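Notes for the one structure printed next.
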Amino acid sequence: MPTKIEKDEITGTDTTGHEWDGIKELNTPLPKWWLWTFYATIVWSIGYFIVYPAWPTLSGHTKGVLGWTQRIEIAERMEEAKAMRAPFVGRIEKASLDQIRSSPDLLNFAMAGGRSVFAENCVPCHGAGGSGAKGYPNLADDSWVWGGTLDDIHTTITYGIRNANNESRIGQMPRFGADGILKPAQIDDVAEYVLSLSKRSTNADAAKRGETVFSENCVACHQEGGTGSTDLGAPNLAANIWIYGGDKATIMETVRNSRAGSMPAWTGRLDDATIKMLAVYVHALGGGK
């Protein structure tokens, strides 16, 4: 409860009359300069609300006396940047991929543009620098499922993989286990054979049996020795580079249920010049073919 106002014996300052657990509150107002600064900020804020767009409305916002926003400035800068880029973009639209690679100024421009586009669109799946992740190919190791030439990469980016686009790359591995094509023991053996291709098998007898299973069921796509086929999108199984994992359990799961990763078609989302720049950048990540 408030007590009577009295003078503090130590500081000589009047109290406010408030006391908590024997502690009395001193009456020490804020400095005048602080109060005037605070009042000035209030006046400034009112002026700001009047001069600049500030208050939201049902259909937008108040425009303010000046009618200026950073959106306008950003739009102007983007138009300026677009105008500066236009000569290079025009040249890239007309140039072939090889011509872009052989022209130092176009190559520098394409690499810078491709890096930016990759960061905005591709990094969530392929990782920074194209390092990949489980289920997403590493674009920096120069091992390509659908081919690593400039034209191959450009086609893959343009039409994607296993999507609704009519030109999409399509490659489908059978579900050897789920559809009863192979028995569990055969799947175990063929997985052991696949491990042997990269000298990681621990069961020579199983690998030998698996070689027969592989020859009868897998060679058509993955070729003799598991070297793969970029025409069919069949990975090289002897390179010890894996999209979903190369341990035996993961290989068996792949054989059993297949994989069906999908990549969007970027045509229609990105313009032709941007796709060319992206292809040039991705090609450079792993040295390309």
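What follows is calculated from the coordinates using simple rules that are stated; it is not laboratory data. Computed from a predicted structure; not experimentally measured. Please note: Cβ atoms are built from the backbone with ideal geometry, for glycine as well, and neighbour counts cover all protein chains shown.
The orientation-averaged projected area of the convex hull spanned by the Cα atoms of segment 33-85 comes to 5.8 nm². Rounded to whole numbers, the Karplus 3J(HN,Hα) couplings from phi for segment 187-195 are 5, 4, 5, 5, 5, 5, 5, 4, 4 Hz, using 6.51 cos²θ - 1.76 cosθ + 1.60 with θ = phi - 60°, and x at Gly and Pro. Structural size metrics of segment 184-257, computed from C-alpha coordinates, are Rg and Dmax of 11.0, 32 Å. Label point of Glu167 set 7 angstrom out along Cα-Cβ; within segment 246-271, amide nitrogens under 14 Å from it belong to 265-271.
Need the C-alpha centroid separation for segment 63-133 versus segment 149-213, integer Å. Rounded to whole Å, the Cα centres lie 37 Å apart. Quick check: the angle from helix 204-217's long axis to the longest principal axis of the chain, C-alpha only, nearest 10 degrees? Relative to the chain, helix 204-217 is tipped by roughly 90 degrees. Expressed as a fraction of 2.2 N^0.38 Å, the C-alpha radius of gyration for segment 222-289 is 1.42. Phi-derived couplings, Karplus 6.51 cos²θ - 1.76 cosθ + 1.60 at θ = phi - 60°, listed residue by residue for segment 5-15: 6, 9, 8, 5, 5, 7, 8, x, 8, 5, 8 Hz, with x used for Gly and Pro.
Which of Lys134/Lys208; Lys248/Lys289; Lys199/Lys248; Lys208/Lys289; Lys82/Lys276; Lys134/Lys248 have a Cα-Cα distance over 23 Å?
Values: Lys134/Lys208 29 Å; Lys248/Lys289 30 Å; Lys199/Lys248 13 Å; Lys208/Lys289 34 Å; Lys82/Lys276 17 Å; Lys134/Lys248 15 Å.
Over 23 Å Cα-Cα: Lys134/Lys208; Lys248/Lys289; Lys208/Lys289.
Please compute the contact order of segment 184-257 in relative form: average sequence separation of alpha-carbon pairs under 8 Å and at least six residues apart, divided by the residue count, as a percent. Display every interim value, and only then the final one.
Numbers: 93 pairs, mean separation 22.0, N = 74.
30 percent.
Helix content alone sets the calculated 222 nm mean residue ellipticity of the chain: runs of n ≥ 4 DSSP H residues at -39500 (n - 2.57) each, divided across all residues, give -15000 deg cm²/dmol.
What does the convex hull of the Cα atoms come to per residue for the chain, in Å³?
Numbers: hull volume 103.8 nm³, N = 289.
Hull volume over Cα atoms, normalised by residue count, gives 359 Å³.
Backbone phi angles across segment 218-229, fed through the Karplus curve with coefficients 6.51, -1.76 and 1.60 (θ = phi - 60°), yield HN-Hα couplings of 10, 4, 3, 9, 8, 6, 4, x, x, 6, x, 8 Hz in residue order; Gly and Pro are listed as x.
Return the loop-located trypsin sites (Lys or Arg not before Pro) in segment 184-258 (DSSP other than H, G, I, E, B) with at most 11 other Cβ atoms within 10 Å of their own Cβ; answer none if there are none.
Values: sites: Lys199, Arg200, Lys208, Arg209, Lys248, Arg256; in loops: Lys199, Arg200.
Sites meeting the loop and neighbour criteria: Lys199.
Within a straight-line Cα-Cα reach of under 19 Å, Lys183 can be paired with the following aspartates and glutamates, leaving aside sequence neighbours fewer than 8 residues apart in one chain: Glu192, Asp205, Glu211, Glu216, Glu253. Extension gain for Thr250 to Ala54 (0.36 nm times residue separation, less C-alpha to C-alpha distance): 64.9 nm.
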